[in-house]
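Input: a single structure, listed below in structure tokens.
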Amino acid sequence: MGTEIDTHNVRDSIIRFVFGNQGLLYDLSLEDTKLWRINKQQGGRSAAPPRPYTLDGLKPMPDPSALPAPPSQNTPRTSIDLHQPAGLEPVSIAKPWGRELWFTGVEARGESLVQTSSGQIPLSQYLAMGRERVCNGRELLLLKILEPNPAPILGNLYLEAHRSKHEVYVVTHVDESAWPDGVGAVRLGANQRLRHQFADDEAFRRAFLSAVRDYEAIRRAADEGTHVDPQAEIAKREAMEAFTELVSVRPGDVVNVPPWQPHSLQHGVRVVELQTPTFERLIISFAQPVLTQEHWDSDEAIMGLDLAPPAPPDVVPVAQGIEQIGRFGDIAAWRVRIGPHRSMNLDFLPHYAACICLSGSVTANGLTRHVEQACLIPHAALPLTLTNPTAEPTVCLVAGPAATTAPD
């Protein structure tokens, strides 16, 4: 590759093309060990969200037809400096329960954008400029905001579990029209009191699954237009929900969601979510129609659940103004509080950093972000310096693959 990367030569990193009986299958890059699969149905767009590949390290990538066409030679060149921070422009994804704002999402349903000093490009195109220089060869973590509808039931997320995905929520807002006292909730973990009323855990799982199947039958009947007695629906739903715990949350709380723990963020509770870059879930139940799949995964999910109480958030002060709020796999997340007109050097991030402002304003390596605005500090732009340019305290989240030792 040349010494300069711009919107004309970004695609020059592609050095191999693989063909099969149905034409072009993949393009390969030396720096980017990803495979792009071209779906020719429906004009190249996937009819359903992509599924994980079975090979280790390969994740779903965007449909090439959804990406901008390569610029013509008459188009002005736009240089992208990978030594500078990049703003992350979220894509809004509608959900039956509300919406998600993806800051680092690349999927058939939508793709985040990257705002650089030279213009705006899709995230996948930015990453293709050189994964070593952007992420130091690591996977980009998932950063999003979950915004449930404040209406009870309608705004409750799926009750689900994950085989390997780990999530951390930071509560940013509790809608007082839904929770007048300002205390919201998340459904998390098995109901320990009910669990101990059964002879053993297998009996608990069987009873839980039976309650879910009873509710699924009445839910599907309602979805198909059959009249369902509202009181019967409520009774079945409450019987099912009794098997899980409802945990109170307030703004600023951290919620740790490890694999195989049942969980469901409740209506009117807005959170920033950080998670491992793994696209999988098992739906246990949902009080609204599921748009992305036709079935529930209740059997596998309940039989695999971790019934032990979920561990409390591992919030650990590591330096003045900095606390680690979660660590999963090689990814860690920190909450950083900065006083007025003060700066902090975060020199313990060896690969890259994603940053989102929670209150006030923060300047990350010269790029200013306001509340719920995010940015990516590529590997080539490290180390990270955060500055509070205002006369009020500011709070932000920083996450990325962590060093093997905690910062001093």
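Here, each number is a calculation from the coordinates, and none is a lab measurement. What you are looking at is a predicted structure, and each value in this text was computed from that prediction instead of being measured. No Cβ is skipped: glycine too gets one built from the backbone with ideal geometry, and neighbour counts run over all protein chains shown.
Things worth noting here:
- Backbone HN-Hα couplings from phi across region 92-105 [Karplus 6.51/-1.76/1.60, Hz, Gly and Pro as x]: 8, 10, 5, 10, x, 9, x, 7, 10, 10, 8, 8, 10, x
- Rounded to the nearest 0.05, the FRET efficiency derived from the C-beta distance between residue 238 and residue 93 at R0 = 41 Å is 0.85.
- Using θ = phi - 60° and Karplus 6.51 cos²θ - 1.76 cosθ + 1.60, couplings along region 165-171 (whole Hz; Gly, Pro as x): 5, 10, 10, 10, 9, 10, 6
- A crude spin-label estimate for the pair residue 117 and residue 213, with each label 7 Å from Cα along the Cβ direction, gives 6.3 nm.
- Alpha-carbon centroid distance for the pair region 331-406 / region 79-102, whole angstrom: 17 Å
- For region 160-207, a simple Cβ point-charge model (Lys and Arg +1, Asp and Glu -1, everything else neutral) yields a dipole of about 300 debye relative to the Cα centre.
- One chain, two ends: residue 341 and residue 392. Fully extended at 0.36 nm per residue, the span grows by 17.5 nm beyond their Cα-Cα distance.
- Label-point separation, residue 320 to residue 279 (7 Å along Cα→Cβ), nm: 4.5 nm
- Segments 137-150, 384-397 sorted - mean Cβ within 10 Å per residue, highest first: 137-150, 384-397
- J(HN,Hα) series, region 352-363, from Karplus relation 6.51 cos²θ - 1.76 cosθ + 1.60, nearest Hz, glycine and proline x: 6, 9, 10, 9, 9, 7, 9, 8, x, 9, 9, 10
- Relative contact order %, region 261-377, counting alpha carbon pairs below 8 Å whose residues are six or more apart: 13 percent
- Pairs from 144/165; 165/236; 144/236 whose Cα-Cα separation, in the structure shown, is over 22 Å: 165/236; 144/236
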